[in-house]
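Colleague: Next up is a structure, given as structure tokens.
Where a number appears in this text, it was derived from the coordinates with a stated rule and is not lab data. This one's a predicted model, so the numbers in the text were calculated from it and none came from an experiment. Because the Cβ atoms are built from the backbone with ideal geometry, glycine has one as well, and the counts that use them run over all protein chains shown.
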Amino acid sequence: MTTDTEMWAPDDLAPAAAPAMPERPRDVEAERVLVATAMQQPNVVDELGAEGFDPADITTDAYRWVWWAVEELQTQFKAGELRHLAVHRLLETWHADGRMATRPPTAEQLLDLYGQAHPGAASWYARRVTKKAVAARVVALGYDAILKGASPAFDEDQDVAAIQADLDGVVRAPDDADMAPIGDLLLDSIERATTPPTNEQRIPTGFMDLDSLLSGGWAPGQLVVIGARPAMGKSTLAADFARGAAIRYKIPTLFESLEMGKDELSDRILSAEARIALHHLKNGICTDDDMQRAARRTPDIAAAPLWINDGALLSLPVLRGRIRNLVRTHGLRLVIVDYLQLMQAPKAENRQQAVAEISRNLKLIAKDFGITVIVLCQLNRGPEQRQEKKPMVSDLRESGAIEQDADIVILLHREDAYDRESPRAGEADLIVGKHRGGPTATITTAFQGHYSRFIDMAQTS
């Protein structure tokens, strides 16, 4: 039997030289025929561009320059013109003025190329070129993955997430992939006008008045920002949104808790669902009645599609990778991040730019995966410096880009956090300060801190 020592001889353990970069996949024949066809039929340049073809995928420099020349001249060609001569003249001009560094093909070479066109088959040859370009990007990505994996500085979180993010960009989407004629869109608008959204299209928030304001709840692709000063209960509110989606409606939800441990979050969810005083749970002094209520709610809580992660460091690539996996395996629809200022910031000139980069990427994640992303955000000290303590959207801390990227901004405010004798003790305002495409309003809820939850006012009677 071979032992580990025999399998891994000392020479094998020594650092190895980096492997050679594999040869780039390419289809020179397809490139040649495609460019020749473009010279004979210049209109294919626009037609293939509309289909998403990128001339940068042509690997042969001379052919790529010919394509660009046809692109430049296509509106100037005259009927019956010897187009290979016009292309030659333009390439010579570009070479003379330094735009084209390499020596252009001769007139004879272009004439020979011109005769290899396959009219009517440009799309087929373009697909062959694109296929090889995608293969080349996969090979390059694989080589980069090998180097990362072999490096002593390999980071299983950062490097794997970066590779996954790069893999998302291997296949380029056409520039007009999201373009559609208004006639096609109008039918969907009319259908939406007469059909109330369902839970398949919206994620209920767990609060009746808020659902009414938001036309049924959170929508796919939305970035929702929950802003509050410390100790207002924003983590509790976030847990309420998670409970409402995952436990009540069985909507797959991911809760990224950067401040609170997953055990504490689990205690809060049980407290809220079973109406067990949170301090009883924390001190281990639950009564028999408490445990009976816990037993009744435990099956529903345990069956909920809710994932909680309390890793201290969360970067954008790691988050994107985790979301991609859960979308693919469990149909993830809601992500909650508690909270933005604790996320690992990308490199930037200053903190404002870093926060802006996080905000923008969270919006892109929501849009790319068709999910709702709710991110908690601390407010600056603006409310405390005003006589009326109600927060405003402008109080969002560190970057105005957060307000710009958000589809919905909700500011949490409790008067009794500043004045315990307030006549509104036990009440909390959800101030919808921004609602892209919809109305804004203030939703009043009841705060039951002993159960670690907010509830509709109607439920307190």
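Colleague: Points 7 angstrom from Cα along the Cβ direction at residue 92 and residue 285: gap in nanometres?
Modeller: Each label point lies 7 Å from its Cα, and together they span 9.7 nm.
Colleague: Continuing with this model, one more query. If all Cα-Cα distances of the chain are sorted into 10 Å bins from 0 onward, what percent lands in each bin, rounded to whole numbers?
Modeller: 4, 15, 20, 18, 16, 13, 9, 4, 1, 0
Colleague: Which percent of Cα pairs goes in each bin when the distances of the stretch 250-329 are cut into 10 angstrom slices starting at zero?
Modeller: Pairs per bin, as whole percents: 16, 41, 28, 14, 1.
Colleague: Projected onto the charge dipole of the chain (+1 at Lys/Arg Cβ, -1 at Asp/Glu Cβ, origin at the Cα centre), which of 34, 69, 365 gives the Cα projection farthest towards the positive end?
Modeller: It is 365.
Colleague: Next question. For 33, 134, 432, 66, which order do you get if you count the other beta carbons within 10 Å of each Cβ and list the fewest first? Could the numbers behind the result be given before it?
Modeller: Values: 33 23, 134 15, 432 20, 66 30.
Final ranking by Cβ density, sparse to dense: 134, 432, 33, 66.
Colleague: With the radius of gyration and the Kirkwood radius both derived from the Cα set of the stretch 269-390, what is their ratio Rg to Rh?
Modeller: Reported Rg/Rh, Kirkwood definition of Rh: 1.08.
Colleague: Would you mind getting the Kirkwood hydrodynamic radius of the stretch 19-173 from its Cα pairs, rounded to one decimal in Å? Each step should come with its number before you reach the end.
Modeller: Working: mean 1/r = 0.0578 Å⁻¹.
Computed over the stretch 19-173, the radius equals 17.3 Å.
Colleague: Quick one: what are the phi-derived ³J(HN,Hα) couplings along the stretch 219-233, Karplus 6.51/-1.76/1.60 with θ = phi - 60°, whole Hz, x for glycine and proline?
Modeller: Result, ordered by residue: 10, x, x, 8, 9, 10, 10, 10, x, 6, 6, x, 6, 7, x Hz.
Colleague: Kindly work out what percent of the DSSP beta bridges joining two residues of the chain are antiparallel, to the nearest 5.
Modeller: 45 percent
Colleague: Using Cβ counts within 10 Å as a stand-in for footprinting exposure, how do 339, 114, 418 rank, fewest first?
Modeller: 418, 114, 339
Colleague: Here's something else I'd like to know. Choose one of 337, 100, 205: the residue whose Cα lies farthest towards the positive end of the charge dipole of the chain (beta-carbon charges +1 Lys, Arg; -1 Asp, Glu; about the Cα centre).
Modeller: Going by the Cα projections, it comes out as 205.
Colleague: Would you mind computing Rg(Cα) / (2.2 N^0.38 Å) for the stretch 314-372, counting N as its residues?
Modeller: For the stretch 314-372, the normalised Cα radius of gyration is 1.14.
Colleague: Under 5 Å between amide hydrogens, which residues at least 5 positions from residue 411 or on another chain qualify, with H placed 1.01 Å from N in the peptide plane?
Modeller: Residues meeting the criterion, in which the H sits 1.01 Å from N, are 227, 431, 432, 433.
Colleague: Based on the Cβ-Cβ distance of residue 29 and residue 201, what FRET efficiency does E = 1/(1 + (r/R0)^6) give at R0 = 45 Å, to the nearest 0.05?
Modeller: Working: r = 48 Å, r/R0 = 1.08.
Here the calculated transfer efficiency is 0.40.
Colleague: While we're on this one: For every helix of n ≥ 4 consecutive DSSP H residues, a contribution of -39,500 (n - 2.57) applies; sum these over the chain, divide by its total residues, and give [θ] at 222 nm rounded to the nearest 500 deg cm²/dmol.
Modeller: Estimated from H runs of four or more residues: -14000 deg cm²/dmol.
Colleague: Mind checking the dipole of the chain: about its Cα centre, +1 per Lys or Arg Cβ, -1 per Asp or Glu Cβ, Debye to the nearest 20? Intermediate values should be presented prior to the final figure.
Modeller: On the way: 51 positive and 67 negative charges, 162 e Å.
With only Lys, Arg, Asp and Glu charged at Cβ, the dipole is about 780 debye.
Colleague: Place the peptides 90-99, 54-63 in order of packing, highest mean first, counting for every residue the other Cβ atoms within 10 Å and averaging per peptide.
Modeller: Details: 90-99: 14.0, 54-63: 17.8.
In descending order of packing, they fall as 54-63, 90-99.
Colleague: Give the calculated FRET efficiency between residue 295 and residue 54 to the nearest 0.05, with a Förster radius of 51 Å applied to their Cβ-Cβ distance. Walk me through the numbers before you get to the answer.
Modeller: On the way: r = 61 Å, r/R0 = 1.19.
Efficiency, rounded to the nearest 0.05: 0.25.
Colleague: On to the next question. Search the structure for amide H atoms under 5 Å from the amide H of residue 426, placed 1.01 Å from N in the peptide plane, and list their residues when 5 or more places away or on another chain.
Modeller: Distant-sequence amide H within range of residue 426: 416.
Colleague: Distances longer than 15 Å among the Cα atoms of the stretch 333-426: what percent of all pairs is that?
Modeller: Value for the stretch 333-426: 65 percent of Cα pairs lie more than 15 Å apart.
Colleague: Most exposed first by the Cβ proxy, i.e. fewest other Cβ within 10 Å, how do 39, 392 rank?
Modeller: Ascending Cβ contact count within 10 Å gives the list 392, 39.
Colleague: From the phi of every residue in the stretch 114-123, what ³J(HN,Hα) in whole Hz does the Karplus formula 6.51 cos²θ - 1.76 cosθ + 1.60 yield, where θ is phi - 60° and glycine or proline is x?
Modeller: 4, x, 9, 5, 10, x, x, 10, 4, 4
Colleague: Using the Kirkwood formula over every pair of different C-alpha atoms, what hydrodynamic radius in Å results for the stretch 199-460? The partial results should precede the final answer.
Modeller: On the way: mean 1/r = 0.0535 Å⁻¹.
Taking every pair of different Cα atoms in the stretch 199-460, averaging 1/r and inverting gives 18.7 Å.
Colleague: For residue 453, which sequence-distant residues (separation of 5 or more, or a different chain) have an amide H within less than 5 Å of its own amide H, given hydrogens modelled in the peptide plane?
Modeller: The answer is 448.
Colleague: Using only the alpha-carbon atoms, what does the stretch 15-75 span along each of its principal axes? Please give whole angstrom values in decreasing order.
Modeller: 58, 20, 17
Colleague: Measuring from centroid to centroid over Cα atoms, what is the spacing of the stretch 19-80 and the stretch 420-461 in Å?
Modeller: Here the answer is 61 Å between Cα centres.
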